[in-house]
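One structure below.
The values are calculated or read from the model by the stated rules, or taken from the named source; none is laboratory data. Only a predicted model underlies this, so the values are computations on that prediction, with no experimental measurement involved. When we count neighbours, we look across all protein chains shown, and the Cβ atoms used for this are built from the backbone with ideal geometry, even at glycine.
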There are 2 protein chains.
Amino acid sequence: MNAPHMSPDEFRDAGHRLVDWVAEFMHTVGDMPVLAQTSPGELLARLPEHPPESPGGANEWDDIVRDLDELILPAMTHWQSPNFFAYFPCNASGPAILGELVSAGLGAQGMLWQSGPGCTELEMRTLDWMAEAVGLPDRFTFRSPEGGGSIQGTASEATLVSLIAARARARRTAGGAPVTIYASTQAHSSFAKAAMVAGLASGPDDHEAVRLIETDDDLAMDPAALERAIRADLDAGHIPSFVLATIGTTGTTAIDPLGPIADAIDRACAESPRPWLHVDAAYAGSALVCPEFRWMSEGVERADSFCFNPHKWLLTNFDCDLFWTRDRRALTDALSITPEYLRNAATESGGVIDYRDWQIPLGRRFRALKLWFVMRHYGLEGLRAHIREGVRLAELFESWVAGDERFELAAKRTLSLVCFRLRAGDAATRDMLDRVNATGRAFLTHAALPDGQVIARMAIGATATRERHVREAWALISAEAERVLAGHSA
Amino acid sequence: MNAPHMSPDEFRDAGHRLVDWVAEFMHTVGDMPVLAQTSPGELLARLPEHPPESPGGANEWDDIVRDLDELILPAMTHWQSPNFFAYFPCNASGPAILGELVSAGLGAQGMLWQSGPGCTELEMRTLDWMAEAVGLPDRFTFRSPEGGGSIQGTASEATLVSLIAARARARRTAGGAPVTIYASTQAHSSFAKAAMVAGLASGPDDHEAVRLIETDDDLAMDPAALERAIRADLDAGHIPSFVLATIGTTGTTAIDPLGPIADAIDRACAESPRPWLHVDAAYAGSALVCPEFRWMSEGVERADSFCFNPHKWLLTNFDCDLFWTRDRRALTDALSITPEYLRNAATESGGVIDYRDWQIPLGRRFRALKLWFVMRHYGLEGLRAHIREGVRLAELFESWVAGDERFELAAKRTLSLVCFRLRAGDAATRDMLDRVNATGRAFLTHAALPDGQVIARMAIGATATRERHVREAWALISAEAERVLAGHSA
């Protein structure tokens, strides 16, 4: 037999049908349970045990669409539901979905400039655009001979590549003593994971090289504590090589103060090489498109690298983490597998970027397309409007919590995340969340404060969320809280 | 203003239009230059310097489609061209593109079972399907309580996660002495890069922990040399922790012999813990869907992990690396950031898989959908037909080279890659390749043999390639060779 490749016409017909299916999904996802109401193994039991031997045949798209509806959709936790308030949002949007479609259709692989000049140069330009959009200084852009940005899969990967670059740079300037790395106790778990991958920790509780810096009352890193930690390590002969600051922690959106952190580093390292300062703004970075939130990034010009995820709150499908550095040479020195003597003049001059040397994998998709589509469709004005609406809805929700004596706000609200709890305590707060999530009508996740207190997180910002969804969620939370409090007092 | 989110109807209209654009692209890509005929900076100069302030407006899809045609397409190296014979193929296909579309439309994030039960369980099942399809033993599947598979982005990431798991396992069983790792001199550069990322090498030429094992005349790893290297390291007090064997090297598709390699490891480590054996079958693994090629993987049951890339030669868009292990606990022990005491019973029982602990990033796309669509559309019969046609065309090309006295075959052909050169030497071979690529009518890349000889690589297997494209490429190669030889002899 010949392989049954789809003809362009067959692709067109099936493509229209699946576009229609996605459009219908957008229309109806708000009516589906948000948190999947399925048990472990339920989908597995409904899927054939063995792979299909024969091609799908004439009715295959009927069969596939039916299975999408009957098997897959009920097994999904619906991140695109307007009632999704869990984790942080993971925005999809029409233009981004279409960018993924075109990227898949082109099927290009932009590991090198040569293997995808269009992939590379569109990415360079959209990264410069977005740097301008969020107010990053020119030193992080390709306008600088030493800076520039790239698309990474996730903020985890941005943390890892900057850590690798930092370690290599520290080794070159400071020699072979043990390196030490720093982040606040509230930093994302990917910091600990990067340390494990890089061989700096044997597990999440190994602190031989990893320093977790204490935080202030708002859960932001305490620069004085950082300074003390760096000084102590220098005194012990270690090489402080990497500091991770977070703009918008995962738990509560705490903002590590970049300027005071850079001051602390400068003071501690007055007579030794400065560690690399990486800023993880995975969630909160999207808000920097609005000038009124740029106070969060004051001092960013003193950082070595910065990242945020348009795939969280800026309408660009996962995966799209934007990562900028002002020392791209440190990155390629640490990650290039081309020996120095084989590098070409074009790469060294900055005229050609080979993005394989900016990341862990070799291959890469053409992800700049979806970012380009999003920026063109929304314009900066539209992106700002999306952010501002999320913040407005969070303020509204916050006001309801503050005005209800059963509840209390559990952390300072900065953007579109509201942290709250029942005054009745941890068990009641957990019960309330479990009940809300079990209805399928909203999905929120929890976090724990450093003192162990359980808090509920209302993370607003899904593409489809409107004021009525937030109102309905509050009504639901309120009703389930009432039931919990009745039960707990009974 | 409100953010101009697309309504489902607007999405449907634009989606149909872009599906049509992709269908037209499939129809015409064969007429476009394969290697981009563009200079560094050319696209950059044609893109606006600043991001758009306002939304795209009523004509935005006219504008975007025009820019795709006029700006992006001419700047692409066309991996989906039927005349693409460079690197290895990077297959796209109709069903895979539609899988990406649906995945983007659902916008789910399957980091945890809870955050995407459907993502997780469809991935588990399609990985078990594909294990069966390529003849992997049950110990690599979820039928085993200790095994299972996952989708990684690339084989580079599979190498890195298995190396991290191997190192952690070695540390647990053998203590804190320096670990050593092994691959042949022909292993992919991602081996050296993984060592750098993991902190085992300061650069590609640092061999303090990295051993490159010599190869035989067919460029396959020499098991006796591996055994000697492991024994020497054991004698020196090192901990041999990781051996990478390649089925189908990037340069010439050499096949490292798994059984003899496992024997060598067993002999060397009769009295010490065995290192982790990872098999990188990135390109050649696709051919294992055909029983007649399973000789390549004889002995794979003795490996600890195995990967191959359907995104290379099995019709599933990049990124789709399939990675199986028979010790998934070693993986999660090395990569989980959840402390032991917080693990839940469901995860430990194997009833629930949290794929975040199988990979470097935290988040993940719903990539199983495209694999599912491909396996349903083609069936195993269709996949085998695609592989066999690629091999048949390579045999044909090989016969033409062998029958032409100007040329010589430069390495044993195993599958669909033909390595050849001009008898006139390296400069002539390079010139011929440059001339062929400059025409835009075909694109081939080169490699270097261990003795430094330059070879041309004819990698067949793009989805759209048919016999006439291979014939036309040979005619072009032949004509350009004639010109080169005329010039060199002049």
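Here are a few things to note about the model shown:
- Extreme residue, farthest from B:I164 (Cα to Cα), among residues of segment B:209-227 that are in a loop (DSSP other than H, G, I, E, B) and touching a strand residue (DSSP E or B) at 6+ places or on another chain (Cβ under 9 Å): B:D218
- Whether a residue is touching an Asp or Glu at 6+ places or on another chain (Cβ under 9 Å) and at pLDDT 95 or above was assessed, and A:E42 passes this test.
- Scan of segment A:464-479 for residues that are in contact (Cβ under 8 Å) with a residue 40 or more places away in the chain, surrounded by fewer than 21 Cβ atoms within 10 Å (Cβ to Cβ) and more than 14 Å from chain B (Cβ to nearest Cβ), ordered by number: A:E472, A:W474, A:L476, A:S478
Residues are listed down the side, and each one gets a yes or a no for (1) crowded, with 22+ Cβ neighbours inside 10 Å; (2) in a loop (DSSP other than H, G, I, E, B); (3) away from every other protein chain (no Cβ under 14 Å); (4) of a type in the set (D, E):
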residue: B:L200; (1), (2), (3), (4): yes, yes, no, no
residue: B:D205; (1), (2), (3), (4): no, yes, no, yes
residue: B:A229; (1), (2), (3), (4): no, no, yes, no
residue: B:T246; (1), (2), (3), (4): yes, no, yes, no
residue: B:I261; (1), (2), (3), (4): yes, no, yes, no
residue: B:H278; (1), (2), (3), (4): yes, no, yes, no
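- Pick from segment A:441-463, criterion crowded, with 18+ Cβ neighbours inside 10 Å and in a loop (DSSP other than H, G, I, E, B), ranking: farthest from the chain's Cα centre (by Cα): A:R441
- Residues in segment A:169-188 that are at pLDDT 95 or above and within 22 Å of B:R167 (Cα to Cα): A:V179, A:T180, A:I181.
- Residue check for B:P257: farther than 25 Å from B:T126 by Cα and surrounded by 24 or more Cβ atoms within 10 Å (Cβ to Cβ): no
- Single residue of segment A:176-198 satisfying the filter (at the interface with another protein chain (Cβ under 10 Å from one of its Cβ atoms), assigned to a loop (DSSP other than H, G, I, E, B) and under 21 Å from the mean Cα position of the chain (by Cα)) that is nearest to A:P240 (Cα to Cα): A:A198
- Residues of segment A:268-323 that turn out to be more than 29 Å from A:W79 (Cα to Cα) and free of Cβ contacts under 8 Å to residues at least 12 places away in the same chain, as a count: 4
- Some residue of segment B:242-254 being of a type outside the set (A, V, I, L, M, F, W, C), touching a helix residue (DSSP H, G or I) at 6+ places or on another chain (Cβ under 7 Å) and within 16 Å of B:A155 (Cβ to Cβ): yes
- Of the residues making up segment A:243-296, those that are more than 17 Å from A:W313 (Cα to Cα) and of a type in the set (S, T, N, Q) number 1.
- Residue within segment A:382-404 that is assigned to a strand (DSSP E or B) and surrounded by fewer than 22 Cβ atoms within 10 Å (Cβ to Cβ) present: no
- Selected residue (only one of A:D280, A:D217 is touching a Cys at 6+ places or on another chain (Cβ under 9 Å) and acidic (D, E)): A:D280
- Within segment A:379-400, restricting attention to residues that are touching a residue at least 40 places away in the same chain (Cβ under 8 Å) and away from chain B (no Cβ under 11 Å), the residue that is farthest from A:R483 (Cα to Cα) is A:V391.
- Segment A:171-185: number of residues that are in contact with a strand residue (DSSP E or B) (Cβ under 6 Å, 6 or more places away or on another chain) and either surrounded by fewer than 24 Cβ atoms within 10 Å (Cβ to Cβ) or of a type in the set (V, I, T) (or both): 6
- In the condition set (1) more than 14 Å from the chain's Cα centre (by Cα); (2) away from chain A (no Cβ under 14 Å), B:T338 is compliant with all but (2).
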